[in-house]
Amino acid sequence: MTCQVMQMKLSSIIAPSFWNTFNSKKSRQIDEGGRGSTKTSKNALKVNFHCLSEEKCSAIVIREYQNTLRDSVYKEIRRALKRLGLIENVDYNCSLQPLRVKLNNGNNIYFAGADDYEKLKGMIDEDTPIKIVWFEELTEFKNEEQIEQIIATFSRGNDDWFITLYSFNPPKNRYHWVNQWVEKMKSRDDVLITDSDYRTVPEKWLGKMFIDEAERMKKFDNKRYRWIYLGEVIGLEGMIYNPETIEYVDKDYISKNNLRVLYLDFSVDGGHQTSATACGCYGLVSDGYWYLLDTYYYSPNEKPKKKAPSELSRDIFNFEIAMIKMWKCGEDKETIDSAEGALRNQLYTDYGKRFHPVNKGKNKEELIDYSQAFLAKGKFRVLDNDNNKIFKKENENYMWKEGTIEKGKPEPDKTEKEFIGEEPYYNSWSNDYSYYYADHTQDVFQYWVKDNLNKLGIKE
């Protein structure tokens with residue numbers, strides 16, 4: 001088995017950016033880079049190569065969460081073994097309980113989540129010690145202390161060599177602990193840092209669709225392209241959305257260009273005593289673009305008499321019916337904030353409407369990231385009508401809350417701001433003036449994107 005691996009020309013299955021470092025045994029090896037850099041597949045090959053070529057050399061591959069292993073690194077290790085010319089159930093065996101690859105030379109490759117790795121320690125064969133620990137998607141982990149504790153667990157008893165591999169796409173926030181940790185590691189002589197991106201990978205490995213998507217993002221949102229595809233730390237300063245990724249067109253643009261709306265989506269952010277209730281009507285149009293067609297918006301802030309849930313339910317129902325009649329098409333998805341139970345129940349009680357509560361994911365930054373990814377495709381337009389002016393206003397004032405970036409946990413500023421030096425906003429669907437604005441239409445937009453990732457072409 002070892003001879004079979006040694007005879008293969010590894011440079012034929014490893015990107016050129018890793019040729020000079022693949023055989024390194026430096027104790028800390030950091031791979032940071034953009035999407036498509038093949039750093040994950042390189043690490044899978046490196047783990048397999050050492051475990052196949054050396055005696056008493058096992059490895060463990062760790063992600064933050066146990067339930068992410070099987071469809072990511074476990075699959076990648078098995079794929080790498082096949083690329084090395086080995087045959088499952090002949091040269092190696094795989095198991096799910098525990099998640100493990102057992103090589104015929106007695107070495108093992110284990111898999112564990114940081115949330116569950118303590119259970120695995122007793123299963124490891126002491127005759128074949130762990131020589132390699134690979135942290136995949138390092139940015140998922142909580143902090144440096146967490147990974148150092150794991151390394152200390154598995155490095156005991158190694159007198160000759162021990163390698164820790166780290167692979168990740170750098171977070172955009174320069175204050176994220178991973179970015180600060182990398183800066184600190186640069187001064188150590190036992191550390192090897194490799195930056196890579198898709199441009200160093202043979203095009204035939206990536207495929208035309210991958211290259212086209214990268215070029216599209218480069219054109220429509222160059223800053224995001226530099227982060228996603230080049231692995232640059234672009235920072236989070238200033239506005240959350242790049243205004244150049246949103247195209248505002250004449251309110252009659254669709255009819256003037258003989259286009260038609262194919263179907264509609266609706267998305268709702270429910271308000272409370274001071275925050276607004278907003279509903280966006282989004283449509284897929286025959287030119288292949290998605291449009292924000294119209295907006296319902298009602299702000300109760302500083303109003304002595306506020307609309308009841310039954311009134312808001314009636315307004316939103318009437319708004320939907322009007323949109324369906326105006327655009328002469330049906331609706332596909334109705335989305336609502338998962339935390340908004342009162343309005344969702346009211347819409348069902350009054351009209352039998354089953355709005356889908358969106359899965360908002362792990363945190364707000366993730367929601368925002370999905371919507372930024374959609375905008376970077378250059379396929380979103382906003383009809384520049386009076387009701388949609390609130391979307392433009394809130395979008396252009398959508399900022400990160402002061403001080404949260406530096407703490408490594410960025411949050412958008414949700415402060416209700418007064419229209420100062422300009423006319424209050426009037427919405428024809430709520431038949432009401434708003435004297436304050438915040439981030440409500442931006443939440444509506446994010447909920448819509450997150451609830452429709454597949455049809456918007458966004459990878460989860």
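Read-outs throughout are calculated quantities, based only on the coordinates presented, and are distinct from any laboratory measurement. Note that the structure is a prediction, hence the values are computed from the model and not measured. Cβ coordinates were reconstructed from backbone atoms using ideal geometry, including for glycine residues, and neighbour counts include every protein chain displayed.
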Calculated log₁₀ intensity ratio I(q)/I(0) where the Debye formula runs over C-alpha points of the stretch 243-456, q = 0.09, 0.14, 0.16, 0.18 Å⁻¹ = -0.33, -0.84, -1.13, -1.45
Please give the calculated 222 nm ellipticity per residue for the chain, where each DSSP H segment of at least 4 residues contributes -39500 (n - 2.57) and the sum is spread over every residue; nearest 500 deg cm²/dmol?
-> -9000 deg cm²/dmol
R0 of 30 Å, Cβ-Cβ distance residue 244-residue 350: FRET efficiency to nearest 0.05 = 0.15
Measure nothing fancy, just the Cα-based angle from helix 208-220's long axis to the longest principal axis of the chain, in degrees from 0 to 90, nearest 10.
-> 50 degrees
Using the structure shown, list the pairs from 121/364; 364/459; 121/142; 251/450; 377/401; 119/172 with a Cα-Cα distance above 24 Å, or answer none.
-> 121/364; 251/450; 377/401; 119/172
Compactness of the chain, expressed as Rg and Dmax over alpha-carbon positions, Å = 26.3, 82
Cα long-axis angle, helix 309-327 against the chain (0 to 90 degrees, to the nearest 10) = 90 degrees
Per 5 Å bin, what is the whole-percent P(r) computed from every C-alpha pair distance within the stretch 26-213?
-> 1, 7, 16, 20, 21, 16, 11, 5, 2, 0
Using θ = phi - 60° and the Karplus form 6.51 cos²θ - 1.76 cosθ + 1.60, what ³J(HN,Hα) does each residue of the stretch 179-184 get, whole Hz, x for Gly and Pro?
-> 5, 5, 5, 4, 4, 5
Using +1 on the beta carbon of Lys and Arg, -1 on that of Asp and Glu, and nothing else charged, what's the dipole of the stretch 26-213 about the Cα centre, debye to 20?
-> 480 debye
Antiparallel bridges, percent of DSSP beta bridges restricted to the chain (to nearest 5) = 45 percent
Roughly how many debye, to the nearest 20, is the charge dipole of the stretch 1-94 about its Cα centre, given +1 on each Lys and Arg Cβ, -1 on each Asp and Glu Cβ, and no other charges?
-> 200 debye
Nearest 10 degrees, 0 to 90: what angle lies between the long axis of helix 341-351 and the longest principal axis of the chain (Cα atoms)?
-> 50 degrees
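So for 165, 138, fewest C-beta neighbours within 10 Å to most, what's the order? Write out the running numbers ahead of the final one.
Numbers: 165 22, 138 25.
Going from sparsest to densest Cβ surroundings: 165, 138.
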Ascending count of other beta-carbon atoms within 10 Å, so fewest first, for 57, 94, 281 | 94, 57, 281
Going by C-beta contacts inside 10 Å, put 27, 299, 275 in order with the fewest on the left.
-> 27, 275, 299
